[in-house]
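Step one of this worksheet: look at the structure below.
Every number here is computed from the coordinates shown, using simple stated rules; none is lab data. Quantities reported herein were computed from a predicted structural model and do not represent experimental measurements. FYI the Cβ positions are ideal-geometry reconstructions off the backbone, even for glycines, and counts take in every protein chain you see.
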Amino acid sequence: MQTLKIIKIGGNIIDDEQALDNFLDGFSKIKGPKILVHGGGKLATKLANQMGVEVKMTNGRRITDADTLDIITMVYAGKINKNLVAKLQAKQCNAIGFSGADGNAIISEKRPVKDIDYGFVGDVLKVNTNTLEVLLNNQVTPVFCAITHDENGQLFNTNADTIASELAIGFAKIYQTELYYCFEKNGVLLNVNDDDSVIEHINSENYQTLINDGIIADGMLPKLNNCFHAIKHKVHKVCIGKPEMLFNSNTKHTTIQA
Ligand SMILES: Nc1ncnc2c1ncn2[C@@H]1O[C@H](COP(=O)(O)OP(=O)(O)O)[C@@H](O)[C@H]1O
Ligand SMILES: CC(=O)N[C@@H](CCC(=O)OP(=O)(O)O)C(=O)O
């Protein structure tokens, strides 16, 4: 089976011009099929504040009312996605921007209301690989933002870490998929302020202990839930760390084990 690399970058890389350029330079040189997934939550929050739209985050997810959905559509599918595609084209990587609505790639449903109503937040139901496979076979690189749809004309906000893991799971039937979460730290850290304290391997047993001890918190919780979801659904390899882990095998990072 051919390997497909699915690489997600978070807001702290997108916002740092030099870090982003370094990452895109390396990414454009990766041989073989690859998909880029990007977040951009920080920029959406900044714009919402400027526009006087209240920002509410619960359990690492954005409560998305109609105004917020408009903002995230403009920021994720518009500004960030198109700029990334243009920057990749400048590096001779033939990229095409995608939301989950494009090519009917990712279908979702509104997250069910239990204690919290997240508004226009979508849980993924299905990934359609057909259109994307044609592109990958023709050396075209899809670039995904954190937006999905319900096939009835409704867009939904879906966490970018989830988009990456669902794509990796969806493609696992036709490729050996590898999932890389790139952010500004060296991996999952024992001490969030010490970049040398990387936990090199996390499995479902030490994961629970790390949560109970308060070592894993904030945005790292949904990220790791997505990692375990992927590794339990036939994704071959799941790693978290700085982008350098993609380009230099000696770079310390966290690997997820079943
Ligand atoms: N044990 C940990 N190791 C590393 N980061 C952690 C840890 N616990 C919490 N974090 C926080 O999680 C953040 C990453 O989550 P998030 O901001 O959602 O990332 P991204 O936007 O890159 O997806 C880090 O910037 C860090 O502040
Ligand atoms: C539902 C939900 O929370 N969606 C995220 C999507 C963006 C994202 O995931 O961005 P980062 O990866 O940069 O955090 C949000 O709107 O913040």
Square roots of five times the Cα gyration tensor eigenvalues for segment 1-148, Å = 27, 20, 12
inquiry  = Can you give me the Kirkwood hydrodynamic radius for segment 73-134, using every pair of distinct Cα atoms, in Å to one decimal?
reply    = 13.6 Å
query = Length gain on complete extension for the stretch S197 to Q18, per 0.36 nm per residue less the alpha carbon to alpha carbon distance?
reply = 62.0 nm
note = A chain fully extended from K56 to K82 at 0.36 nm per residue, minus the present Cα-Cα distance, gains in nm 6.8 nm
query = Taking the simple approach of a point 7 Å from Cα along Cα-to-Cβ for both I96 and Q154, what is their distance in nm?
reply = 2.8 nm
query = Given H placed on each backbone N at 1.01 Å, which residues far from V238 in sequence or on other chains put an amide H within less than 5 Å of it?
reply = L179, I256
remark   = When the chain is treated as a Gaussian network with springs between alpha carbons less than 10 Å apart, the largest mean-square fluctuation among S108, S197, S165 is found at S197
ask   = How big is the gap, in Å, between the Cα center of segment 54-82 and the Cα center of segment 209-230?
value = 23 Å
message = Percent of Cα-Cα pairs more than 20 Å apart in segment 8-71, please.
response = 41 percent
ask   = Is there a pair in K91/K126; K46/K126; K31/K237; K42/K252; K31/K223; K46/K242 whose C-alpha atoms are over 22 Å apart, and which pairs would that be?
value = K91/K126; K46/K126; K42/K252; K31/K223; K46/K242
message = Return the equivalent ellipsoid semi-axes of the chain as a descending list in whole Å, where each equals the square root of 5 times an eigenvalue of the C-alpha gyration tensor.
response = 24, 23, 19
Dimensionless Rg over Rh [segment 123-187; C-alpha; Kirkwood] = 0.98
request  = Give me the distance between the Cα centres of segment 22-39 and segment 159-191, rounded to whole Å.
outcome  = 13 Å
